[in-house]
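These notes are about the structure you will find just below.
The values are calculated or read from the model by the stated rules, or taken from the named source; none is laboratory data. None of these values were measured; they are calculated from a predicted model. Cβ coordinates were reconstructed from backbone atoms using ideal geometry, including for glycine residues, and neighbour counts include every protein chain displayed.
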Amino acid sequence: MQLQYGQVVGYVPDFLVGAAIALGIAFIAFALGMLIGLAGASINAYGPRPARLAVRAYVSFFTNTPQLVQIFFLFFALPEFGILLSPIQAVLIGMTLNAGAYLTEIQRAGFQSLPQAEIEAAETLGFSRLQTIRHVIAPHIVKALYPSLSNQYIIMTLGTSMAAIFGVEELTARALNANAVSFRSIEIFTLTAGIYIVLTIVASALLYSVGRGLFRVKARAF
C-alpha cells in the first residue's frame, strides 16, 4: 500500500477551520465551567447545608455519568419538554455543565489548600466574601492547581470530537466528511491526529497566557 498525502493535503484549510471551532468550543466551555466550579467550591466552603447538598448532588451526577449521554439528553430529550437546542448549543451546554462539576472538585482542593492566615488577613483588611474569593482565593487556586486545570482543559479540547456525532462541523466531523469522499483513511486520520497534537499545544499556550496575564502563574507552557 502506498500513502498518498498529496491527495488529502487540499483538505488542510478545511481541517484548520474545524480545529478553530473545536478550540473555541473548549475555551468557552472551560471558561464557563471555571465560573461554575468557583461558585460550587465557594458554596462547599462557605454555603449553608442545603446549598452544599445541592452542589454535591450536581457534582455526583455529572461526574458519574458519561458526558456523551448528558449531551444526548440535552439534544434529544429536552425537545419532549418543548426545549429545542441546536447541535452547538447542546454540546456547549453539556460540556460546560460537565466541566463545572469536575472543576468544582478541583477548585475545592484549592480552597482547602489555602493558608488560613491569608483568609484572616483579608478579613482584617475588610474584604467582603466576594472580594476575598476574587483577590485571594482565585489567584491561589490558579497558581496551586495550574497542572490540574491544564490537564482538564486538554481533556476538554480533545473531547470536542464528540460534537461530530451531533453534526457540529469541528475537526473530527470534517475529517469524517473528507474520508467519505477520498477513501484515504490512513492519510486523513493521521493528518487529523497531527492537527490535534498541534491543537493541544495551542490550548496549553492559551491557558498559560491567561494564567500568566491574570494571575501571574509561573508554570511552563509545555
Residue identified as of a type in the set (Val, Ile, Thr), under 28 Å from residue 193 (Cα atoms) and part of a helix (DSSP H, G or I) among 25, 36, 43 = 25
Residue 222: modelled with pLDDT of 85 or more and either aromatic (Phe, Trp, Tyr) or closer than 21 Å to residue 12 by Cβ (or both), yes or no?
-> no
Among the listed residues 209, 148, 161, 204, which satisfies the condition of being assigned to a helix (DSSP H, G or I), at pLDDT below 80 and among the polar types (S, T, N, Q)?
-> 209
What about residue 172, is it crowded, with 19+ Cβ neighbours inside 10 Å, without any contact (Cβ under 8 Å) to a residue 40 or more places away in the chain and in a helix (DSSP H, G or I)?
-> no
Please go through the range 10-52 and pick out each residue that is without any contact (Cβ under 8 Å) to a residue 60 or more places away in the chain and farther than 24 Å from residue 91 by Cβ.
-> 10, 43, 47, 48, 49, 50, 51, 52
Name the residues in the range 79-117 that are over 24 Å from the mean Cα position of the chain (by Cα), within 15 Å of residue 45 (Cα to Cα) and part of a helix (DSSP H, G or I), would you?
-> 116
Total residues in the range 116-147, condition closer than 18 Å to residue 209 by Cβ and in contact with a helix residue (DSSP H, G or I) (Cβ under 9 Å, 6 or more places away or on another chain) | 7
Scanning the range 110-161 for residues that are of a type in the set (D, E, K, R) and either surrounded by fewer than 15 Cβ atoms within 10 Å (Cβ to Cβ) or free of Cβ contacts under 8 Å to residues at least 12 places away in the same chain (or both) gives 118, 120, 123, 129, 134
Does any residue of the range 58-77 turn out to be assigned to a helix (DSSP H, G or I), over 23 Å from the mean Cα position of the chain (by Cα) and of a type outside the set (A, V, I, L, M, F, W, C)?
-> no
